[in-house]
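Colleague: Got a structure for you, written out below as structure tokens; questions coming shortly.
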Amino acid sequence: MLFKKDKQDETERTLSIFERPFRKVLAILISTMMLAGLGMNEGFAISDEHTGLLTIFHIYSDGEYVGVLSDEKKLEQLKAEELQKAASEFENLPLTIATDLSVIPERVFTAEVDDEIVLEKLHDMLSVEAEAVSIIIDGEPAFYVNDMAAYDEVIRKLKLQSVTEKELNEFEARTKSSESIPALKDNETRIANILMSSEIQPVADKTAPNEVRTVEEAVVLLNKGTLEQKNYIVKSGDVLGTIAAAHDMTTAKLLELNPGLTVDTVLQLEDELNVTVIEPYVEVEVHYETRQKEVIPHKVRTEEDSSVYKGEKKVTQEGKDGEKDVTRLIRKRNGKTLGSSVIEEEILVEATDAVTVVGTKVMPSRGTGSFVWPTVGGYVSSQMGTRWGRTHQGIDIARPSARTIKAADNGVVTAAGWQGAYGNRIVITHNNGYETLYAHLSSIDVKVGQTVPQGTAIGIMGSTGRSTGVHLHFEVMKSGANINPMSVLR
């Protein structure tokens, strides 16, 4: 049988206790014992022609014994073949053997070895790994890329999804420069900072070659959290809402994942929808600083004046917008604005308020310019306009809850009595350019010259004159011309 390593250690300890003159005698004794144990079988190990000893190589993997080889070069050749095979599949990757192997040589007089069996075992055990850069996101390994150059390219491509190459180049040049950043010019916008939503760290590492991602794959992973798109085939009875809910997303998100699809789209059987739940590893947030001149809108103030009749108004001061110089910080994520804040602001021109004076003085004979509904409820049964071949100059109000007719505004009665097709009618002059007419009354309760405040009862609704039923015909004149009462009634 063969000497193991513990036998060699024991021999060395024995040698240490003998004096130098006895070492040669001891060596002869040990050689004789080895020859007796191993027998006189024919060996295939490497021989030393001077001593007659052979060198064999014991192979261990992670402390476990694999077998013995006659030549260490055969193991190195096997490793080279495995690396060459992997290199043909995974180009531009620095590859190494991942399997932990130990080789322990031993010198013997003779030994039986079977290289073919051991090499076959080693072939099954050997694995190849690539030297790569692990992308660590918030302390957790996410994926691998070739090297630091690939990592830098991934980060740059990710940023270029949110900014232009010109903007990125200018920003990088500013951040690398030792000179102070110049003040913003008028109407200038520039990048103040580019941030990642998560902490990204590249770390040199090793992994299986098929785990190393290309730059393009890495960018997709950072954006979506996955390289695989999951699709759903529409079945009978499916609607957008149920499909979205079944995949833990909103209908809006489902529509976002499927451009061209809308809430009104009619789904067809066998339609294929993208239902990939996107969970980005990282999102890019860009901070812009911008300097603009902005308008300060003028305010409008209303002031009451008791010396001016109610309903009258006049502008006593024209409004004028102001101007300010504003520097803002605008935050955007993936191209969408999150918000903005003012960094600096300087008033260049103060705004001037517009001031309008409105009258509050009430005079029973003078209208306010605001007209109340002239009946107690009711509805408009006929609008102003062409009717039955002629022009209807006002509106008809029918079916009130009570038949009392009221003055629509303050004024003086200038006509009260019968007038042809109007039947019993009343005209009130409001002394502000307006007149109102109330027709088809069954009775009149005011006289010409009488002052009537707004809301005063002036008569009872009827069906006198050319009328087809009980109703009020109501007209409004402004500067002598009829206008649509609905434009001034409240």
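The values are calculated or read from the model by the stated rules, or taken from the named source; none is laboratory data. Worth saying up front: this structure is predicted, and the values here are computed from it rather than measured. All Cβ positions, glycine included, derive from the backbone under ideal geometry; neighbour counts span all protein chains shown.
Colleague: Of the conditions (1) under 18 Å from G311 (Cβ atoms); (2) part of a strand (DSSP E or B), A416 clears all except one; give me its number.
Modeller: Condition (1) is where A416 drops out.
Colleague: Sort out which residues of region 160-188 are touching a residue at least 12 places away in the same chain (Cβ under 8 Å), more than 19 Å from E283 (Cα to Cα) and of a type outside the set (D, E, K, R), and write them in order of number.
Modeller: Within region 160-188, L184, N187 meet the criteria.
Colleague: Which number in (1) out of contact with any Asp or Glu (no Cβ under 9 Å at 6 or more places or on another chain); (2) closer than 30 Å to V145 by Cα; (3) loosely packed, with under 13 Cβ neighbours inside 10 Å marks the one condition that L257 misses?
Modeller: (3)
Colleague: Does L222 satisfy the condition of being under 16 Å from the mean Cα position of the chain (by Cα), modelled with pLDDT of 90 or more and within 30 Å of Y151 (Cβ to Cβ)?
Modeller: Judged against the criteria, L222 is a match.
Colleague: Just to check your reading of the model, which residue among A192, A150 is part of a helix (DSSP H, G or I), of a type in the set (G, A, S) and in contact with a helix residue (DSSP H, G or I) (Cβ under 9 Å, 6 or more places away or on another chain)?
Modeller: Unique residue meeting the criteria: A150.
Colleague: Within region 315-366, track down each residue that is closer than 30 Å to L158 by Cα and not hydrophobic (A, V, I, L, M, F, W, C).
Modeller: Answer for region 315-366, where residues must be closer than 30 Å to L158 by Cα and not hydrophobic (A, V, I, L, M, F, W, C): T327, R328, R331, K332, R333, N334, G335, K336, T337, G339, S340, S341.
Colleague: Do you know which of the residues in region 324-339 that are loosely packed, with under 14 Cβ neighbours inside 10 Å and in contact with a strand residue (DSSP E or B) (Cβ under 9 Å, 6 or more places away or on another chain) is farthest from V220 (Cα to Cα)?
Modeller: It comes out as G339.
Colleague: For region 270-281, check the following and say yes or no: at least one residue is in a loop (DSSP other than H, G, I, E, B), under 21 Å from D138 (Cβ atoms) and β-branched (V, I, T).
Modeller: Yes, region 270-281 contains at least one residue that is in a loop (DSSP other than H, G, I, E, B), under 21 Å from D138 (Cβ atoms) and β-branched (V, I, T).
Colleague: Being among the β-branched types (V, I, T) and not in a strand (DSSP E or B) is the filter; apply it to region 199-225 and report the residue that is surrounded by the fewest Cβ atoms within 10 Å (Cβ to Cβ).
Modeller: T214
Colleague: Follow-up question, since we're still on this one. Scan region 306-320 and give yes if some residue there is outside the structural domain of I458 (by TED's automatic domain parsing), under 30 Å from S479 (Cα atoms) and of a type in the set (A, V, I, L, M), otherwise no.
Modeller: yes
Colleague: I've got another one for you. Just checking, does region 454-463 include any residue being in the same structural domain as V380 (by TED's automatic domain parsing), surrounded by 17 or more Cβ atoms within 10 Å (Cβ to Cβ) and not in a strand (DSSP E or B)?
Modeller: Yes, the conditions are met somewhere in region 454-463.
Colleague: While we're on this one: In region 229-252, which residues are under 24 Å from the mean Cα position of the chain (by Cα) and among the acidic types (D, E)?
Modeller: Result: D248, single match.
Colleague: Collect the residues in region 292-318 that are closer than 30 Å to T360 by Cβ, within 41 Å of the chain's Cα centre (by Cα) and surrounded by 14 or more Cβ atoms within 10 Å (Cβ to Cβ), keeping them in residue-number order.
Modeller: Correct list: H298 only.
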